[in-house]
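The values are calculated or read from the model by the stated rules, or taken from the named source; none is laboratory data. This is a predicted model, so every value here is computed, not measured. Don't worry about glycine lacking a Cβ; one is built from the backbone with ideal geometry, like all the others, and counts go over all protein chains shown.
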Amino acid sequence: MIERRSPEVIGLDGRPRRRERVLTQRLTGTVVLLNLENGQYYALNEVGSRVWEMCDGTRSVAKLASILSSEYAVPHESCQADVLGLLQDLASEKLVVAEG
Amino acid sequence: MRSPPVVEASSLTHTYSLYGLGVAVSGDAALLAALNSRLRQMPPDGATAPALAFEFQTVRDAANHTVEKPRGPGRLVYEPKVGGQVLHFDSRDQLYIEIGERVRALCDPAGGHTRVSIVQGAGDGLWLASHPLLTLPLMEALKRRGLYSLHAAGLSLNGRALLLAGGRGAGKSTLAITLLRAGFGFLGDDIVFLSRDDDGLRVSAFPDEIDVTDETVKLFPELRHLADRPRTPGSPKRQFRAEDVYRSNVVWESRPAALVFPGVADSDSSRLEPMDRDEALLELAPNVLLTEPSSSQAHLDALAQLIRESECYRLRTGRDLDALPRLLRGLAE
């Protein structure tokens, strides 16, 4: 049986992709997101901005965590939990959608 | 005998030239006078086919509004401080505004057409029609034409713009008046427009009336006569024109120099503090009305470019208004 997941639920094997109706702007470290659908504004810090940039629907959450733990030299397990938490927040705000 | 649903003794048209675009406004004499009090610095336009057209109609009652809410789902994109709602209908790219039963507007920003319907005798109808119902569609129509609004007072010195950004109560108008008295050129009290050219970002004037609170009137002897005038129904503030009181000139175009976010401080002296650019972007982001995606993204991009090309500061405005021109002059030089 094939389990159908809601696109707003992201697991480690999900491949997050930025939604189209989100305006983005980056000046220095922070990315500012404006969601056309709900009128809300968001700011992501430097690490969150890096996650956002990589959400193109080709990499799994586990892969993103692996890249980040290497780039920022942080333990893989805690990095994976943090990335998953962030992406679940972004998905619940309808900023990213899970592929696969 | 029934009176006609649309009450207009005569409909007249005035045309203005705004940043090279023809703007035609049509309505009755009272409405045109109210609009002209805002737009009178704009030169007349002789083009037969204006880029932007605003049609104002006065109706007998709310049942006879000549503007209907579009069918289908509309997204709430703004809630005016005076009440009501601004909806965007994505599939048609239309902006619909209603404030109570009194006024409605429907704007086709890409086509440049806006129709406004006002109930006859609504006390604040004239002010609502000539202010939020002109400003919001105008900003949205200009956005589609590469001119991006910034909610800020703008002053100019030697072609360099000092922009005072912030919401209600930040003290923008008090600061703007202080700088006008010191000889700065005038870009606008509440809105300026940003556009791009080969040399970077350009700040264009929107030399509207200046809105002041009774507290601000008390600070400047030359404005005290305003306290004796009846307040315009609907307006929370009092209005005057910069050129009627000060020997200031409108500076139609400037290059950005500094972006200042003022706030009133309970202190004797004012303090200027450098501001992080990311923080400035977060402050300016709400300038973007979240309507059509591509022009809204372009608006956000223009705000980011403004921040890149400006020095950004927070100003804690103290009671030393006389010292402010010297403090701020250096930012524009």
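Only one of (1) over 30 Å from B:R75 (Cα atoms); (2) crowded, with 19+ Cβ neighbours inside 10 Å fails for A:I10. Which number is that?
It fails just one condition, (1).
Considering each residue of region B:206-235, count those that are under 16 Å from B:S37 (Cα atoms) and touching a residue at least 12 places away in the same chain (Cβ under 8 Å), and give that number.
12
Condition test on B:L163, is it part of a strand (DSSP E or B) and crowded, with 24+ Cβ neighbours inside 10 Å?
Values: part of a strand (DSSP E or B): yes; crowded, with 24+ Cβ neighbours inside 10 Å: yes.
When the stated conditions are applied, B:L163 passes them.
Working only within region B:166-206, note down all residues that are of a type in the set (K, R) and in a loop (DSSP other than H, G, I, E, B).
Of all residues in region B:166-206, those of a type in the set (K, R) come to B:168, B:172, B:181, B:196, B:202.
Answer for region B:166-206, where residues must be of a type in the set (K, R) and in a loop (DSSP other than H, G, I, E, B): just B:R168.
When residues of region B:60-112 are filtered for being within 23 Å of the chain's Cα centre (by Cα), small (G, A, S) and within 14 Å of chain A (Cβ to nearest Cβ), how many remain?
The number of residues fulfilling the criteria is 0.
Considering only region B:215-333, give the helices (runs of 4 or more DSSP H) lying wholly within it that have at least 2 residues that are more than 20 Å from the chain's Cα centre (by Cα) and more than 14 Å from chain A (Cβ to nearest Cβ). I'd like the intermediate steps shown before the answer.
Numbers: elements: B:242-245, B:277-284, B:293-309, B:324-332.
Those helices (runs of 4 or more DSSP H) span B:324-332.
Read through the list (1) without any contact (Cβ under 8 Å) to a residue 12 or more places away in the chain; (2) surrounded by 14 or more Cβ atoms within 10 Å (Cβ to Cβ); (3) over 11 Å from the mean Cα position of the chain (by Cα), then give the number of the only condition that A:D89 fails.
(3)
So if I check each of B:L289, B:L272, which one is at pLDDT 95 or above and either under 14 Å from B:L259 (Cα atoms) or not aliphatic (A, V, I, L, M) (or both)? Steps first, answer last, please.
Numbers: B:L289 fails: either under 14 Å from B:L259 (Cα atoms) or not aliphatic (A, V, I, L, M) (or both).
Of B:L289, B:L272, the one residue that is at pLDDT 95 or above and either under 14 Å from B:L259 (Cα atoms) or not aliphatic (A, V, I, L, M) (or both) is B:L272.
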